[in-house]
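Asks: Attaching a single structure in structure tokens format; questions to follow.
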Amino acid sequence: MGKTFCKRAKKIVVNGTQFHCVINEIPSNKFVNFKVYSSKTSYFEVLFTWEGSWHFIPHRPRNCERLIRYAIEIGWEYSLEKKTLKIEQGDFLIDKLGLSV
């Protein structure tokens, strides 16, 4: 299965809370951007290199859930307004969280 280059959105429920994931795989961007909103103003964002992103599919529900759980574990207060968390170099999470194709 080849990679498609586009911007995708999906909703996922983790711990009874609905999150809105936006995965931006548009080739003109320098990084693959994975952004999760818990509200209009609170979000978690992680950037993956293009090379790293070839090793997993960011929009798979299991990968989305693992990234959300990780963000919560490291302190993202998703239930509060205007709480953001950004990881600029997220490739280490591919192996650490077992993100898969």
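Asks: How much accessible area per residue does the chain have, counting only protein heavy atoms and a probe of 1.4 Å, in square angstrom?
Replies: Working: 5770 Å² over 101 residues.
Heavy-atom accessible area per residue stands at 57 Å².
Asks: Place a +1 charge on the Cβ of each Lys and Arg in the chain and a -1 charge on the Cβ of each Asp and Glu, then give the dipole magnitude about the Cα centre in debye, rounded to the nearest 20.
Replies: It comes to approximately 360 debye.
Asks: Which parts of segment 63-101 would a label at residue 13 reach, counting a residue when its backbone N lies under 16 Å from a point 7 Å out along Cα-to-Cβ?
Replies: Only 65 pass the distance filter.
Asks: Hey, another quick one. Find how much the distance from residue 62 to residue 39 grows on full extension, using 0.36 nm per residue of separation minus their present alpha carbon separation; answer in nm with one decimal. Walk me through the numbers on the way to the answer.
Replies: On the way: separation 23, 0.36 × 23 = 8.28 nm, distance 2.09 nm.
Length difference between fully extended and current span is 6.2 nm.
Asks: Let me ask you something else. Ignoring ligands, DNA and RNA, what percent of the accessible area of the chain is carbon or sulfur (1.4 Å)?
Replies: In the chain, the share of accessible area belonging to carbon and sulfur is 51 percent.
Asks: Next question, about the same structure. If R0 is 25 Å, what FRET efficiency do you get for residue 49 and residue 20 from their C-beta distance, rounded to 0.05?
Replies: 0.55
Asks: Further question: Assign one of three labels to segment 56-101, namely rounded, prolate or oblate, based on the Cα gyration tensor with a ≥ b ≥ c the square roots of its eigenvalues; rounded applies when a/c is under 1.5, prolate when it is not and a/b is larger than b/c, and oblate otherwise.
Replies: Prolate shape, in that a/c is at least 1.5 and a/b is the bigger ratio.
Asks: How are the alpha carbon pair distances in the chain distributed across 10 Å bins from zero to the largest one, expressed in percent?
Replies: All Cα pairs, binned at 10 Å, distribute as 16, 54, 28, 3 percent.
The values are calculated or read from the model by the stated rules, or taken from the named source; none is laboratory data. Quick caveat: nothing in here was measured; it's all calculated off a predicted structure. With ideal geometry, Cβ positions are generated from the backbone for all residues, glycine too; neighbour counts draw on all protein chains shown. Accessible surface areas use protein heavy atoms only, side chains included; no ligands, DNA or RNA. Shrake-Rupley method; radii C 1.70, N 1.55, O 1.52, S 1.80 Å.
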